[in-house]
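Derivation of every value follows stated rules applied to the coordinates shown; laboratory data play no part. Note that this is a predicted model, so its numbers are computed, not measured. In this analysis, Cβ positions are derived from the backbone assuming ideal geometry, glycine residues included, and neighbour counts consider all displayed protein chains.
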Amino acid sequence: MAAAQSKTWNIQNYILAALGGTLAATAIVIMVSAIFEPARISFVVTHASRSTPSDRIGVWLNLTVSANAGGQNRTKVKYESIFIDLVNSTKPTGRDKVLAEVDAKALPEEYLPSPSPISVNASALLIDNSTIEGFAGDQANIRGLTVVVTAQVHFKVGVARTRLYGIKVVCGGVHFADVQDNSSDAYATVNYCHS
């Protein structure tokens, strides 16, 4: 009779089994999340300059943005697209944002292992006087412009590919030095970006 009672489950056994199953499932989810955690990508503006085209119409704002995927060695990254906006939030009227044209050919087509730094060049041609004054004038260059970088990336951990991630960072106080300056360091800059 005592053997028959030991084979039947009571409420406490069911509760303990449910708690043990929940704990095991939670541990599996945490391990999978840690394994598939995407790498951190840091962005830095490493070059910013302004120049006048040969036809003397407008002003070019040129910049180089470097990206570096750090983190786990088993994580790879593929940059699908990068967009760069130049923002002057101190301009009271008129345009406060200009889209810079990114050299898309510089983006690698394959997955890159971590860490793998890349550099992307971008340029914006300012034509009308109001935009030139707002983005390349003396007042804008004293305070610097804000560079907004938006990137779309895929990560790969082993053979598993993640969903498309959208990353948006802001680089403040970027000064565009005049290229006609004879100093080779005149337009070398380092502006770290943050989210």
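Where does each of Thr22, Thr46, Thr131 land when they are ranked from fewest to most other beta-carbon atoms within 10 angstrom? Walk me through the numbers before you get to the answer.
Values: Thr22 10, Thr46 15, Thr131 20.
With the sparsest Cβ surroundings first, the list reads Thr22, Thr46, Thr131.
By the beta-carbon count within 10 Å of each Cβ, the least crowded to most crowded order of Ser33, Ser116, fewest first, is Ser33, Ser116. In plain terms, the residue of Val190, Val87 with the fewest other Cβ atoms within 10 Å comes first and the most crowded comes last, giving Val190, Val87.
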